[in-house]
Amino acid sequence: MKKPLKRFHRLAWCFVLALAAAGGSVASAATHDGLRDVAVHAGSGDFGESDGPAAAAAFRTPKGIKLLPDGTLLVADTGSHLIRSVKAGRTDKVAGVTFDFDAAGLPVGGLADGKAGASVFQSPSDIDVDADGNIYVADTGNNVIRKIDRDGRVTTLAGSPVGAPGYRDGRGGEARFHAPSALAVAPDGTVYVADTLNHVIRKVTPDGVVTTLNAFRLRGVEVFAGVVEPAGDFRDGPLSEALFNEPSGLALDGKGNLYVSDAGNQRIRYIDFAAGTVTTVAGGGNAGPGDFYAEGDYADGDALEARFDFPRGIAVAPDGSLLIADSGNHAVRLLKDGRVYTVVGNDGAEPGRTNGTEKSARLTFPTDVDVDAQGNIYVADAYNNQIRFITGYRLPAGTAKDGVIRVADGGRLIEFDVQPVIRHDRVFVPVRHIAEALGYEVQALDNRQVVLAKSGVRVTLRIGDARADISQDAGTTVLTLDAAPFIEGIRTMVPVRFIAEALDRQVDWMAEWKLVVIR
């Protein structure tokens, strides 16, 4: 009895939500940046390093991605210590070799240059490409920046030859990094590096000369009595005086300036090279004297009032907006025109591994994003061991701005012999057409009531009556609609949102097109 009762209450709650949602005016627009669908681009979700068909491939916490002009997606497969690619439905190794496993059965990383197939990496976390097609890798565990040339040879561009952490400017092997986790390559070949545990942004010239752009200053945090650990800090202003706290994402914009995902400060910062300044463009919060980080949170809205939870990888979209992998909120966010929106993962949603719409899909600790010329988004869904793919909703064939109200079931328009109408700011449709399109069986239909059935659940609607009976083995509940069914000609018209959301379907109104979208 417990299972039917649980299901009954869940269905009843869906009807309550549907009624609440139906209360909004049909003039309300869909989500700011359009409707989205989320799918898997590569990875079965298994924890491993197998190549082959993209859907069956296995990754180990992939943290960095880069989309190439030919559609190839490069992947920094962090836990496997490999650089991989996804192209034309296949996953293959680009560089790195697994030479041993530890006692837990996990691959062992290391530092070795040479041919791509014989090179060794240690927890690579990010990846970018220059204008000539050379690949650059933030080899985090080795504290170095690596380069894979077009001939497939791996060299260390800058950092300790033995992978030792530290902080020092200089040329090539003289320089020292501490867990560099993000990079961005400028058109002139300059590599900008988020030197994460040094809390600074570094610049590496094409010949390997490393300089630091902002102030290097560590803040002491007492973790136990008498035990102090170094942490980052926060300060906007002149670039030479600015302070960061575990910067973990970089992206160059069309002006050649640099966005920085300042993870420990829960902010997105902006380096204007011409002005020589650092400003906060989104996010906020402050770390207390005994805190390593500002407190993470979740909020959309005005950019400086918005809140993040350890934002990491970022990417500039074709329209100049900024996509953000908000890892702790398990979300992809968008900074556009001075406001922050959620693309996937509404309201700081719980983690998960679910495809579907922008509201129902779930990610788990996304760490990087990239975007193609059409605005499709790729996500390194690190803790799901997958690469996810976010596309904009495509209007069905036959959609037009002609004032006609239409209803789409996914990407297909539902045909009606009586056109949908708007009454009391609600869209009403002929009951038989919508019921059958959504999998209901119409068991009774007369001039007084309509009975719909699906999977042991019966819904009874009455003409001219705002009450709806929902019956199951566990019992019957009565809900009150705020718009009653009515007769139009010879057809019984019912509120489409009520019917669709009762089936756990998402319903959106695209006012510009007068289109109801059911997904």
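The values are calculated or read from the model by the stated rules, or taken from the named source; none is laboratory data. Remember, predicted model here, so these are calculated numbers, not experimental data. Ideal geometry is used to build each Cβ from the backbone, glycine not excepted, and the neighbour counts take in all protein chains shown. Note: areas computed on protein heavy atoms with side chains; ligands, DNA, RNA excluded. Shrake-Rupley method; radii C 1.70, N 1.55, O 1.52, S 1.80 Å.
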Strands (runs of 3 or more DSSP E) fully within the stretch 359-419 counting 1 or more residues that are closer than 14 Å to residue 323 by Cα: 366-371, 377-381, 386-392
Among (1) surrounded by 23 or more Cβ atoms within 10 Å (Cβ to Cβ); (2) part of a strand (DSSP E or B), the one test that residue 264 misses: (2)
Filtered residue count, the stretch 106-125, keeping only those that are open to solvent by less than 20 Å² (accessible area, probe 1.4 Å), under 18 Å from residue 152 (Cα atoms) and of a type outside the set (A, V, I, L, M, F, W, C): 3
Only one of 362, 353, 339 that is in contact with a Pro (Cβ under 8 Å, 6 or more places away or on another chain) and of a type in the set (Lys, Arg): 362
Single unsatisfied condition, residue 144 versus (1) in contact with a Gly (Cβ under 9 Å, 6 or more places away or on another chain); (2) open to solvent by 50 Å² or more (accessible area, probe 1.4 Å); (3) of a type in the set (A, V, I, L, M): (2)
The listed residue being in contact with a strand residue (DSSP E or B) (Cβ under 6 Å, 6 or more places away or on another chain), under 26 Å from residue 316 (Cβ atoms) and open to solvent by less than 50 Å² (accessible area, probe 1.4 Å), out of 198, 214: 214
Residues being open to solvent by 70 Å² or more (accessible area, probe 1.4 Å) and part of a loop (DSSP other than H, G, I, E, B) - total across the stretch 473-488: 2
Residue in the stretch 382-395 that is at pLDDT 95 or above, over 13 Å from the mean Cα position of the chain (by Cα) and surrounded by 23 or more Cβ atoms within 10 Å (Cβ to Cβ) present: yes
Hits in the stretch 489-519 - residues which are open to solvent by less than 10 Å² (accessible area, probe 1.4 Å) and assigned to a loop (DSSP other than H, G, I, E, B): 502
Matching entry among 214, 143, 198 (being polar (S, T, N, Q), touching a helix residue (DSSP H, G or I) at 6+ places or on another chain (Cβ under 7 Å) and at pLDDT 95 or above): 214
Residue within the stretch 272-287 that is more than 16 Å from residue 246 (Cα to Cα), open to solvent by 60 Å² or more (accessible area, probe 1.4 Å), within 21 Å of the chain's Cα centre (by Cα) and not β-branched (Val, Ile, Thr) present: no
Within the stretch 440-472, tally of residues that are acidic (Asp, Glu), exposed (fewer than 15 other Cβ atoms within 10 Å of the Cβ) and either touching a helix residue (DSSP H, G or I) at 6+ places or on another chain (Cβ under 6 Å) or in a strand (DSSP E or B) (or both): 2
